[in-house]
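The block underneath contains the structure these notes are about, expressed in structure tokens.
Here, each number is a calculation from the coordinates, and none is a lab measurement. Only a predicted model underlies this, so the values are computations on that prediction, with no experimental measurement involved. Methodologically, a virtual Cβ is constructed for each residue, glycine included, from the backbone with ideal geometry; neighbour enumeration extends over all protein chains shown.
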Amino acid sequence: MAAKGLDRIVEEILAQAKNEAQAIKDEAQGKADAALAAARSQAAAKAAEILAQAKKKALLVSEAAQSGIEQKKKQANLAARQEALGKALDAAKAELLAKPAKEYFDVVKKLASSLSEEGPGTMLFNEADLKRLPKGFEADLAKALGPGKTLVISKEPAGIDGGFLIKYGENIENCSFAALFRQRRDEFLDLAKEALF
């Protein structure tokens, strides 16, 4: 009987040890499951953060690319407009040079009256303009210039495409149409922009 009692005690101790071992195992499993769940949650949060950052970077890259495309479109549009305006200026200059003599020299007279200085000067034209100079132009010019300004037309041709030069002693005012268009290009471009756009 004593052996039976001892066996029972051993069984009880073993059962208790088994129960404690199971409880320790269950507790460890619970902790492991909780740690795994926490790790999964952290991994999911980190993945979501990385994905959000990637989307943000992709959006920034997309916006930058779109901005670059828009900038290139604006530059191309501006270049096309500037080319159109340049052609318009060239056409205006060509039209001015091709005007009939009376109209052409009326423009020259107006320019000379506004661009000439006080005192005597010499006006020089290119060879083609000297040949088509209207009769009485010098007298009409003197009236347009007003008091204190006198210009004598030189018989020597100037190497310009149209318009004129005014010589005051050693100083020469370049009033050729090419020079005037260059000097006043911005003003002409503004006027052309208003007309074209």
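Tell me, which strands (runs of 3 or more DSSP E) wholly within the stretch 105-180 include 1 or more residues that are under 23 Å from GLU95 (Cα atoms)?
Correct list: 119-124, 163-168, 171-176.
When you go through SER154, SER114, SER176 one by one, which is the residue that is surrounded by fewer than 11 Cβ atoms within 10 Å (Cβ to Cβ), of a type in the set (Ser, Thr, Tyr) and on the phi < 0 side of the Ramachandran plot?
Answer to the selection: SER114.
Any chance the stretch 49-57 includes a residue that's assigned to a helix (DSSP H, G or I) and over 41 Å from the mean Cα position of the chain (by Cα)?
So far as the stretch 49-57 goes, no, none of its residues is assigned to a helix (DSSP H, G or I) and over 41 Å from the mean Cα position of the chain (by Cα).
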